[in-house]
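What follows is a short report on a single structure.
Laboratory data are not the source of any read-out in this text; all were calculated from the coordinates shown. What you see is a predicted model, and the numbers here were worked out from it, not measured in a lab. Cβ coordinates were reconstructed from backbone atoms using ideal geometry, including for glycine residues, and neighbour counts include every protein chain displayed.
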Amino acid sequence: MTLARRDLRKLRQSLAATLLMLTCGAAALIVSERQVDTATREQGEAKAQLHDISSRLQRVRDEEQEIHRQSALFAALQRRGTIGGEERLDWIETLRDLRNRRQPAEMEYEFAPRQPLGSAGTYVFYRSTMTLRLKLVHDGELFELLADLRGKARALVAVRHCQVQRLTVPTADPTGGGAPVHLEASCLIDWITAQEGSA
């Protein structure tokens, strides 16, 4: 069976059309792969940018929380009278009031000269160390007295250490409280204040 010229022409046209379709399909496949690569790269860049923006936003939120925390701390220090400098006369009044209310068997205190601690922003912080000596009926008196001191003092009160020892021979309470004095305590306490300006 022989093919007529007309049939050969039709066959060539069909083969050419098939070849053209295969070429177009291959080109479309190459273009789509490039587009997929471009889209994947752009998606990766977008994710990186989103991560960077999220990280910066989190840093801003953290800084904002830190500013709020420090503002609250500063306001609390201001309310307590810690900001503004050392007020020793006020401190002595506080200690006298504490002695009258708590009535330890014996209470002596002595302040050392104030020392600079460091600065934050425009404020310089100072420490005035007080030596506090007490004679007590029981150790609970010491904790109550220190808690009162922290609550009433116009400074940030930080107890560095307390040494408590039992008296070998209990003595009578000189305040007339009736119970014998069993303990002697010696504490180092820092009164911390701040004021604006240089040391």
Other residues with Cβ under 11 Å from the Cβ of residue 129 give, with Lys and Arg +1 and Asp and Glu -1, a net charge of +1
If we count every other residue with Cβ under 13 angstrom of residue 148's Cβ, Lys/Arg +1 and Asp/Glu -1, where does the sum land? +3
In a shell of Cβ-Cβ distance under 10 Å around residue 97, excluding residue 97 itself, what net charge do Lys and Arg (+1) and Asp and Glu (-1) give? +3
Residue-wise HN-Hα coupling along region 139-144, computed from phi with Karplus coefficients 6.51, -1.76, 1.60 (Hz; x: Gly, Pro): 5, x, 4, 4, 5, 5
